[in-house]
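Okay, structure first, notes after.
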Amino acid sequence: MLRIYKTEAVGKLVKLKNFRIVSKAWFNLINPSAQEIDKVSSMLKVDADILRNSLDADERSRVELDEGIFSVIVNLPLLDEDGNFDTLPCGLVFSARNFLTICSKDNRIISSFNKNTAKSFDTRERTKFMLSILYKITQFYLRYLTIINRKTEHIEDALKQTTNNQELFQLIEIQKSLVYFTTALRDNHLVLEKILRMTKSPASSAILNFTEDDIDLLEDVIVENKQAIEMVDMHRTILEGMMDGFASIINNNVNQIMKFLAAITIVLSIPTMLASFWGMNVAVPVASMTYGFWIVIAISMLATLLVIIYFRKKGMF
């Protein structure tokens, strides 16, 4: 899907319906077809491989400046309908006169730049627009980390009541999401640092046109990204400790159950053993007595009671 937007003089965001040569417009590609990629590549004079790389789910974040085309690939966070978190590569490309974004899936970050929020960005200011997207990405990381924190606390409360596999699987899923976030944020940090260095390069400055305000905004993005990295590391450490703690609790519960079952087995074996002795077809004590049966029962009960008292003192019950 290809959509082209442009900010007019009054600050209104307008969707362009005709595929014509435009200037200072925003080309937004979401899961584009091969024909759309070829068309945009031809219109903007951008290498089609740059666009295709942004659609690769395993693509790492990076910055490229080649033949007057500046491109950035960053990984943004995703929250699907099932409540699972993931990351998605997204390409930000500067052509000669326009700005282009390309993602393989629709997402809340790019979608947040629309007619309702048109006052917060301007397609004619490409550098500031790109930095606004990068800033929005870091904000969504922080927002999703807050959701992960609340979700982890809810699962922890549930596990305190009962240790079900469902909650443990949810913790494993969160742990996997944090690994994705850690990798993506660290790669994005390297990209942001490289862009900051490029602000001092004459070759890149001719394309990006960084102003002092743009540099301040970029530094704010770097600070927010560092904060997100620290929060992810903190959540991972807490979650790893929680998983180890619950694993120890589960092992301890299993040991307690096995200890209880062993004690029950020993207690039940005492009357069984005495009944086996007095049930043999040989002469045994008190066999000829009138109350011999009750004597054996009493001995069995007494021996069983003594063993129970002993196990109670040892904490077996």
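Values in this text are rule-based calculations from the coordinates and carry no lab data. Remember, it's a predicted structure, so these values are computed and weren't measured experimentally. Reconstructed Cβ throughout: ideal geometry from the backbone, glycine too, with neighbour counts over all protein chains shown.
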> How far, in degrees from 0 to 90, does helix 165-198 lean away from the longest principal axis of the Cα atoms of the chain, to the nearest 10?
Replying inline: 30
> Once the other residues with Cβ under 13 Å from the Cβ of Val72 are scored (Lys, Arg +1; Asp, Glu -1), what is the net sum?
Replying inline: -1
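Between Ser33 and Asn84, what FRET efficiency follows from the Cβ-Cβ distance if R0 is 25 Å, with the result rounded to 0.05?
Details: r = 27 Å, r/R0 = 1.08.
Efficiency computed from Cβ-Cβ geometry: 0.40.
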> What's the angle, to the nearest 10 degrees (0 to 90), between helix 212-278's Cα axis and the longest principal axis of the chain?
Replying inline: 10
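About the Cα centre of the stretch 164-269, what is the dipole size in debye to 20, counting +1 per Lys and Arg Cβ and -1 per Asp and Glu Cβ, all else neutral?
On the way: 8 positive and 15 negative charges, 138 e Å.
I would put it at about 660 debye.
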> Counting other Cβ atoms within 10 Å of each Cβ, which trypsin sites (Lys or Arg not before Pro) in the stretch 259-317 have at most 10 and sit in a DSSP loop?
Replying inline: Lys314
> To the nearest 20 debye, what is the magnitude of the charge dipole of the chain about its Cα centre, counting +1 on the Cβ of each Lys and Arg and -1 on the Cβ of each Asp and Glu?
Replying inline: 560
>> For a quick check, take a GNM of the chain with Cα springs below 10 Å and name the residue from Leu217, Leu168, Leu274 with the largest mean-square fluctuation.
In response: Leu274
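Under 8 Å for C-alpha pairs, at least 6 residues apart: give me the relative contact order for the stretch 2-251, rounded to a whole percent. Numbers along the way, then the final one.
Numbers: 350 pairs, mean separation 49.2, N = 250.
Computed over the stretch 2-251, the figure is 20 percent.
Among residues other than Ala262 whose Cβ falls under 15 Å from its Cβ, what is the net charge (Lys/Arg +1, Asp/Glu -1)? Don't skip to the end; give the middle numbers.
Details: positive: Lys259, Arg312, Lys314; negative: none.
Taking every Cβ under 15 Å from that of Ala262, the sum is +3.
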> How compact and how long is the stretch 1-107, expressed as Rg and Dmax of its alpha-carbon atoms in Å?
Replying inline: 14.2, 43
>> For the chain, I need the span (max minus min coordinate) of the C-alpha atoms along each principal axis, in Å, sorted largest to smallest.
In response: 116, 39, 34
> Put +1 on the Cβ of every Lys and Arg and -1 on every Asp and Glu Cβ in the chain; which of Leu13, Ala287, Thr211 then has its Cα farthest towards the positive end of the dipole?
Replying inline: Leu13
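Pairs Lys45/Lys200; Lys136/Lys200; Lys115/Lys226; Lys136/Lys194; Lys24/Lys226: which are spaced more than 21 Å apart, C-alpha to C-alpha? Don't skip to the end; give the middle numbers.
Details: Lys45/Lys200 26 Å; Lys136/Lys200 24 Å; Lys115/Lys226 30 Å; Lys136/Lys194 19 Å; Lys24/Lys226 31 Å.
Too far apart for the 21 Å limit: Lys45/Lys200; Lys136/Lys200; Lys115/Lys226; Lys24/Lys226.
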> Cβ under 11 Å from Arg62's Cβ, Arg62 left aside: what net charge do those residues give with Lys, Arg +1 and Asp, Glu -1?
Replying inline: -1
>> Compute the helix-to-body angle for 126-161: its Cα long axis versus the longest principal axis of the chain, expressed 0 to 90° and rounded to tens.
In response: 10
>> Kirkwood Rh and Cα-based Rg: tell me the resulting Rg over Rh for the stretch 162-317, rounded to two decimals.
In response: 1.56
> Which listed residue (Ser33, Ser111, Leu51) has the Cα farthest towards the positive end of the charge dipole for the chain, taking +1 on Lys and Arg C-beta and -1 on Asp and Glu C-beta about the Cα centre?
Replying inline: Ser111
> Highest GNM mean-square fluctuation, the chain, Cα pairs closer than 10 Å: which of Asp213, Asp187, Asp122?
Replying inline: Asp213
>> Can you tell me which of Ser177, Ser276, Ser111 moves the most in a GNM of the chain? Springs connect C-alpha atoms under 10 Å apart.
In response: Ser276
>> I need the Debye-formula profile for the stretch 42-168: one equal scatterer per C-alpha, no solvent, reported as log10 I(q)/I(0) at q = 0.10 1/Å, two decimals.
In response: -0.42
> Just how large is the dipole of the stretch 64-155 about the Cα centre, in debye to the nearest 20, putting +1 at every Lys and Arg Cβ and -1 at every Asp and Glu Cβ?
Replying inline: 500
